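Visitor: Right, I'll just put the structure down here and ask away after.
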Amino acid sequence: MSVFALLGAALVGCGGGTADTSARVGASASASPPVSPAASASAGAAPGPATVRKAPPTMAPGPGGVTPVYTRRTSQGGDKVVALTFDADMTADQGPRAASGERFDNPGLIETLRRLKVDSTVFMTGRWAEEYPNQARSIGTDPRFEIANHSYSHYAFASPCYGLPTVEKRDMAADVRRAFDAFRKAGARNVVPYFRFPGGCYDDEALRALGPAKVTAVQWDVVSGDAFAKDADAVAEQVLAGVRPGSLVVMHCTRSAAPVTEQAIRRIVPELRARGYRFVKVSDLMAATP
């Protein structure tokens, strides 16, 4: 498979697959995040008093420490909340492409989310944080955002998975920890102990192998279809048609492979707000889950 095709498989997998959701969903519990939870103002803002965040909510592991999986909040009383999540994808072997000028980031999208005052969660690969450390630090020190783990390598944790190379079971927890180390090195502080499987692909063996990483796996119930899309309105329509109270939407923060996401957001946000929705982070969604 060519390198371009590999990225295509990776991004389509992030938002287009039907994951194995056989894992049990446990009750919410508090756990210490793998990176200090202290928050600070966004880059360029005047310094203020130090703020200590509560430990983000997690789900209780299954028997034997099996990693739990969270997909969607079961909303009570019709509370209209939705979590927009953005996968910042870059695989371990795409450094040469970045060096040649391909952009795996999307700063315009992040600035639009700030301007529209949309709280959101960015699922970032460790390799992306290494390539764009200043952006990782800016996102990870802005109270508007939280950074979650999308693996270091963006290789598959179950096979087959859209043609992605596969991480060995014995290396899975280490791959996740390596990503957290990359966020820490970049200076990100708003980091939560959540993990999204590359391609959304996982199985029971992967859930067991990830147990030592002490993360809650986070999937989604609304696929945006923004990967390689050229029609922002079509992306917006797909999201708007799928969102329900408590929904978790998967989108992308990768300019070269999801070029219309920022434009779609400019339509999605005001239309959902007109319907009475509030935008929250995954940690907020999970905190309110029965």
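The values are calculated or read from the model by the stated rules, or taken from the named source; none is laboratory data. All of these numbers come straight from a predicted model, not from anything done at the bench. Neighbour counts are summed over all protein chains in view; Cβ atoms, including those assigned to glycine, are modelled from backbone coordinates with ideal geometry. Side chains are part of the model used for accessible areas, which takes the heavy atoms of the whole protein and leaves out ligands, DNA and RNA. Shrake-Rupley method; radii C 1.70, N 1.55, O 1.52, S 1.80 Å.
Visitor: Out of segment 161-173, which residues are at negative phi and assigned to a loop (DSSP other than H, G, I, E, B)?
Guide: Narrowing segment 161-173 to residues at negative phi: 161, 164-173.
If the condition is that a residue be at negative phi and assigned to a loop (DSSP other than H, G, I, E, B), then Cys161, Leu164, Pro165, Val167, Glu168 are the ones that fit.
Visitor: Go through segment 72-91 and count every residue that is open to solvent by 40 Å² or more (accessible area, probe 1.4 Å) and either in a strand (DSSP E or B) or in contact (Cβ under 8 Å) with a residue 60 or more places away in the chain (or both).
Guide: Residues flagged as open to solvent by 40 Å² or more (accessible area, probe 1.4 Å) and either in a strand (DSSP E or B) or in contact (Cβ under 8 Å) with a residue 60 or more places away in the chain (or both) within segment 72-91 amount to 6.
Visitor: Considering only residues that are surrounded by 20 or more Cβ atoms within 10 Å (Cβ to Cβ) and within 18 Å of Arg196 (Cα to Cα), which ones fall in segment 92-103?
Guide: Residues satisfying the conditions do not exist here.
Visitor: Can you tell me which residue in segment 236-287 is surrounded by the fewest Cβ atoms within 10 Å (Cβ to Cβ), limited to those that are over 22 Å from Arg73 (Cα atoms) and small (Gly, Ala, Ser)?
Guide: It comes out as Ser256.
Visitor: Another one. Every residue in segment 112-135 that is of a type in the set (S, T, N, Q), open to solvent by less than 40 Å² (accessible area, probe 1.4 Å) and closer than 25 Å to Arg177 by Cα, please. Before the answer, list the steps.
Guide: First pass over segment 112-135, keeping only residues of a type in the set (S, T, N, Q): 112, 120-121, 125, 134-135.
Filter once more, so that each one left must be open to solvent by less than 40 Å² (accessible area, probe 1.4 Å): 112, 120-121, 125.
Of everything in segment 112-135, those that are of a type in the set (S, T, N, Q), open to solvent by less than 40 Å² (accessible area, probe 1.4 Å) and closer than 25 Å to Arg177 by Cα turn out to be Ser120, Thr121, Thr125.
Visitor: Tell me the residue from Ile147, Ile110 that is more than 26 Å from Met172 (Cβ to Cβ) and in contact with a helix residue (DSSP H, G or I) (Cβ under 7 Å, 6 or more places away or on another chain), please. Steps first, please.
Guide: Working: Ile147 fails: more than 26 Å from Met172 (Cβ to Cβ).
That would be Ile110, the only listed residue that is more than 26 Å from Met172 (Cβ to Cβ) and in contact with a helix residue (DSSP H, G or I) (Cβ under 7 Å, 6 or more places away or on another chain).
Visitor: To continue, here is another question. So the check is Cβ under 6 Å with 6+ separation or different chains; which pairs have a first residue in segment 135-161 that's of a type in the set (Asp, Glu) and a second one that's in a loop (DSSP other than H, G, I, E, B)?
Guide: Asp142/Ser42; Glu146/Asn190; Glu146/Lys281
Visitor: Suppose the filter is open to solvent by 20 Å² or more (accessible area, probe 1.4 Å) and in a helix (DSSP H, G or I); does Ser138 pass it?
Guide: It is true that Ser138 is open to solvent by 20 Å² or more (accessible area, probe 1.4 Å) and in a helix (DSSP H, G or I).
Visitor: If you don't mind, another one. Out of the residues in segment 143-157 that are open to solvent by less than 10 Å² (accessible area, probe 1.4 Å) and not in a strand (DSSP E or B), which is farthest from Cys201 (Cα to Cα)? Steps first, please.
Guide: Looking only at segment 143-157, we keep the residues that are open to solvent by less than 10 Å² (accessible area, probe 1.4 Å), and these are 145-151, 153-154, 156-157.
Restricting the remaining residues to those that are not in a strand (DSSP E or B) gives 150-151, 153-154, 157.
Details: His150: 12, Ser151: 12, Ser153: 14, His154: 11, Phe157: 6 Å.
Out of the qualifying residues, it is Ser153.
Visitor: Still on this structure: Answer yes or no: is there a residue in segment 174-195 that is without any contact (Cβ under 8 Å) to a residue 40 or more places away in the chain, open to solvent by less than 10 Å² (accessible area, probe 1.4 Å), of a type in the set (A, V, I, L, M) and on the phi < 0 side of the Ramachandran plot.
Guide: Yes, segment 174-195 has at least one match.
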